[in-house]
Amino acid sequence: MLLAVLLAAASARGPIAAAIGVGLAGFVAALAVLGRERMAMLAMIAAFATAPMYKGLAPSENTPVTPTDLVFGLAVVLLLPTIIGRPVRLPLATSSASSSS
């Protein structure tokens, strides 16, 4: 409920803030419905789908970060708890000498 109040207050500051607030509210709702891992995969798909559009382009000469980079960074941040929480599963090392005999 606090998030809804903050988004409503931000939306009253102007049309750009309202668009950002609506987008953030949609993101939070999708995150609640779809879950963190699905949202991360959708963000990665969106980043790879939009990457050709931003090839060699940046919003400003001073800022080399494109919106595609931001979406991919969001996906990585969403997946960090999964990456950190799961144990590493490595395949068993097999000896090549025992398989050749």
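The values are calculated or read from the model by the stated rules, or taken from the named source; none is laboratory data. Just so you know, these numbers come straight off a predicted model, no measurement behind them. Methodologically, a virtual Cβ is constructed for each residue, glycine included, from the backbone with ideal geometry; neighbour enumeration extends over all protein chains shown. Surface areas here come from the heavy atoms of the whole protein model, side chains and all, with no ligands, DNA or RNA. Shrake-Rupley method; radii C 1.70, N 1.55, O 1.52, S 1.80 Å.
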Next item on the list: Note down all Cβ pairs under 9 Å where the first residue falls in segment 1-28 and is touching a residue at least 60 places away in the same chain (Cβ under 8 Å) and within 23 Å of ALA43 (Cβ to Cβ), the second is of a type in the set (Ser, Thr, Tyr) and in a helix (DSSP H, G or I), and they're at least six residues apart or on different chains.
Entry: none
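Yes/no per residue for (1) loosely packed, with under 12 Cβ neighbours inside 10 Å; (2) at pLDDT below 85; (3) out of contact with any Leu (no Cβ under 7 Å at 6 or more places or on another chain); (4) of a type outside the set (Asp, Glu):
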residue: ILE16; (1), (2), (3), (4): yes, no, yes, yes
residue: ALA40; (1), (2), (3), (4): no, no, no, yes
residue: GLU61; (1), (2), (3), (4): yes, yes, yes, no
residue: LEU79; (1), (2), (3), (4): no, no, yes, yes
residue: ARG89; (1), (2), (3), (4): yes, yes, yes, yes
Checklist line | Within segment 18-36, considering residues that are touching a Ser or Thr at 6+ places or on another chain (Cβ under 8 Å) and of a type in the set (A, V, I, L, M, F, W, C), the one surrounded by the fewest Cβ atoms within 10 Å (Cβ to Cβ) | finding: VAL22
Check: Would you call VAL28 more than 14 Å from the chain's Cα centre (by Cα) and not small (Gly, Ala, Ser)?
Finding: no
Note to self: For segment 50-59: of the residues being open to solvent by less than 80 Å² (accessible area, probe 1.4 Å) and in contact with a helix residue (DSSP H, G or I) (Cβ under 9 Å, 6 or more places away or on another chain), which is modelled with the lowest pLDDT?
What the structure shows: ALA51
